[in-house]
Structures are given as structure tokens and as C-alpha cells.
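Only the coordinates and a few stated rules stand behind these numbers; no lab work does. Quick caveat, the model's predicted, so the values are computed rather than measured. Here the Cβ is made from the backbone with ideal geometry for all residues, glycine too, and neighbour counts use every protein chain on show.
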Amino acid sequence: MTEQEKMQAGRLYNALDPEIRKLQWGAKALIQEYNQTGPDEGEKRQAILKSLLGTAGPRALIEPDFRCDFGFNIHILGRAIIHFNCVMLDSAPITIGVDAFIGPGCCLACTTYPVSATERNAGLAYARPITIGESVWIGAGCTVLGGITIGAGSVIGAGSVVVSDIPEGVVAAGNPCRVLRLVSDREGLPCL
């Protein structure tokens, strides 16, 4: 089994493997090109996203500066807005539902490392998927760890660290992120 196959299967893999690094370098070239586009170059941005990402919905909007490890593990299923300075460590699939909104400065981190310093220092890592449901709003500066699902229609407050699944239709915030209350369709701003 190759290191990429181990990564995709969620098994311990060598993140320093030459083939893994080669895939990352290819993504970095496209990311650099994307981040140098101007605000009036929407068609060019969409073309780069189609080359970089596993799935790029036609109305997906990612504001530069954007970073990811591989790109092919990112699946934006439809219209979604991802603000600037977003980092996606996509060693496992990151699925972003239709009408999701991800605020500036967020990090979606599928990659995690062993507690053992010996294993970490050898470059070993694990990959866990992240699923963001439809119409989810993730506030500015949030971190979502691997293995997490955020249910449809939920709101994650700014600065939160999401370390466990969040159900559908709730407002959640904090470090660690926890459910505060249900979302009401009748409420206006502010939501927290």
C-alpha cells in the first residue's frame, strides 16, 4: 500500500514521502497562481479551482489568499463563499455543502499527528475527513479538526475550535466548541 493510499484510508502514513510531497508541490503551483489573480478575474479563478479541487461548484467563491495541501480532496458541492486567509489541510476529504459560508482566517485541518514524539519526528500522520453541511456559517478565525461533521444550517461562532460533531440547526461556539441553542428561522442579526 502506498503512502497516499494509507493517507486516503485514514491509516498512519508518512507525510514526508516523496510522492506525497510531489502532489503537494503541484497544488502549491496552482495555489500561487490563484492567489495572484485580481478581483476582476473570476473566470480565471474558476478555471484554476476546477484544476485544483476535487469538486468545484460553478458558484464556489474562494477569496485569495487561500492555502491547501492537495486540493483534490476538497469538494465544494455548489454555491459557497470562503473568505480570505482560509487554510485547508486536506489530507482527507473536505466536503462543503451548498450555501455554506466560511469566514476569514479559518482552518480546516484533516491532518493530525501521533502523540509519540518519535512517530511525529519521523513524519508520520493521520488524516480524518471534515464535512460541512448545507447552509452552515462558520465565523471568522475558527478551527475545525479532522473527523468532524457540522450539520446543515448550523452556525459556528467566531474563534471557535470544533473538536466534536455539531448537530443540524444549532448555534455553537467556544473552545472547545459546544452547542449553545437551536437556530430559529425567524431571527435576524446578530445570531450569537
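Please go through the range 122-136 and give me each residue that is part of a strand (DSSP E or B) and of a type in the set (Gly, Ala, Ser), ordered by number.
125, 127
Determine which member of the set 92, 152, 158 is within 22 Å of residue 59 (Cβ to Cβ), small (Gly, Ala, Ser) and not in a strand (DSSP E or B).
Result: 152 is the single residue among 92, 152, 158 that is within 22 Å of residue 59 (Cβ to Cβ), small (Gly, Ala, Ser) and not in a strand (DSSP E or B).
So, residue 100, is that one among the small types (Gly, Ala, Ser) and under 17 Å from the mean Cα position of the chain (by Cα) or not?
Against the criterion (among the small types (Gly, Ala, Ser) and under 17 Å from the mean Cα position of the chain (by Cα)), residue 100 qualifies.
Give all pairs with beta carbons closer than 8 Å in which a residue from the range 28-56 that is of a type outside the set (Ser, Thr, Tyr) meets a residue that is surrounded by fewer than 12 Cβ atoms within 10 Å (Cβ to Cβ); count only pairs at least 6 apart in sequence or on separate chains.
Close Cβ pairs satisfying both conditions: 46/58.
Among (1) crowded, with 16+ Cβ neighbours inside 10 Å; (2) of a type in the set (D, E, K, R); (3) out of contact with any helix residue (DSSP H, G or I) (no Cβ under 7 Å at 6 or more places or on another chain), where does residue 45 come up short?
(3)
Look through the range 5-19, keep the residues that are within 19 Å of the chain's Cα centre (by Cα) and part of a helix (DSSP H, G or I), and return whichever of them is surrounded by the most Cβ atoms within 10 Å (Cβ to Cβ).
Here the residue is 7.
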